[in-house]
Amino acid sequence: MKQFDDGDGAESGRSDAAGSVAVPSHPDEVTSVNKVSAHPEATIPDSEYSLAEIEQRRARPVRWVVFALAVLLAIVIPYGYGRSLAINHTQGVLRYASILDPRGIALIAWTVTVLTFVGIGMSIIESSSWFWRVVFVLGLAAEQLIAGLCLLKMDFWYSTFVVYQHQAILANAANLGIIAAGLGVAVFAILFVAILVCVRKDSPWNTLTHSWSALSMFFIIELIAIAIVLFGGLITAA
């Protein structure tokens, strides 16, 4: 009998070693049982709105409609008003514009246009803030006013000469400042997309696609563009 009991003990030891059901060594020993926790009660209160309706309320579409209308008005009204001043009050416009040097006028027009592009760029980076959207709308209105005063279009040299005669260089300088800012944005966009598409992700050049690095690259390109206009002889040639 003792040998049989030893065999049973050996079998129990094997079962324990193999990870099978453990046999208690003492009849009074109680095995611990893991208690399964009950599912917690819902902490989110019931709502009569669906998730889509909640997201729609957070989006506040009325603000975006107002913003779109403000952008449209900033494009149309200032340009029309500036063009009307240039045609109907030419001498008054020249009286104020002739105080400035043509390079200064080009720099002012370039600054306003760059500020407009910075406003829309920062509104994308800081999407939760409406400050830069307001800056974009105000900058766009100012840029369109200058464009209207200077009769900006594809062949503006002829229009400015007809309206402003021998002082057309002032309007041409402003137009060149606006065009320089626009071309700077175009060059920046091409370089940015080229880096995204052609450069590997582990390349150091890929850091130029980060938000603040891209903004720095944008300003460098814009400074080169306005430097070409100011010191490249384009203003006197116009």
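Laboratory data are not the source of any read-out in this text; all were calculated from the coordinates shown. Worth saying up front: this structure is predicted, and the values here are computed from it rather than measured. Cβ: placed from backbone, ideal geometry, glycine included. Neighbour counts: every protein chain shown.
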Taking amide hydrogens as modeled 1.01 Å from N in the peptide plane, which residues meet the under 5 Å criterion relative to GLU126, leaving out close sequence neighbours? none
Highest mean packing first, using Cβ neighbours within 10 angstrom, the peptides 172-184, 152-164 sort as 172-184, 152-164
How far apart, in nm, are the 7 Å Cα→Cβ label points at LEU196 and VAL76? 3.1 nm
Using a Förster distance of 22 Å, how high is the FRET efficiency between TRP157 and THR236, based on the Cβ-Cβ distance and rounded to 0.05? 0.95
If you place +1 on the Cβ of every Lys and Arg, -1 on the Cβ of every Asp and Glu, and leave all else neutral, what size is the dipole of the range 61-237 about its Cα centre, to the nearest 20 Debye? 180 debye
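Would you please report the Å³ per residue occupied by the convex hull of the alpha carbon atoms in the range 61-237? Could you put the intermediate results ahead of the total?
Numbers: hull volume 23.1 nm³, N = 177.
Residue-normalised Cα hull volume stands at 130 Å³.
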Could you tell me how far the Cα centroid of the range 103-122 sits from the Cα centroid of the range 191-217, in Å? 24 Å
Please work out the FRET efficiency for the pair ARG63 and SER129, using the Cβ-Cβ distance as r and a Förster radius of 22 Å; give the result to the nearest 0.05. 0.95
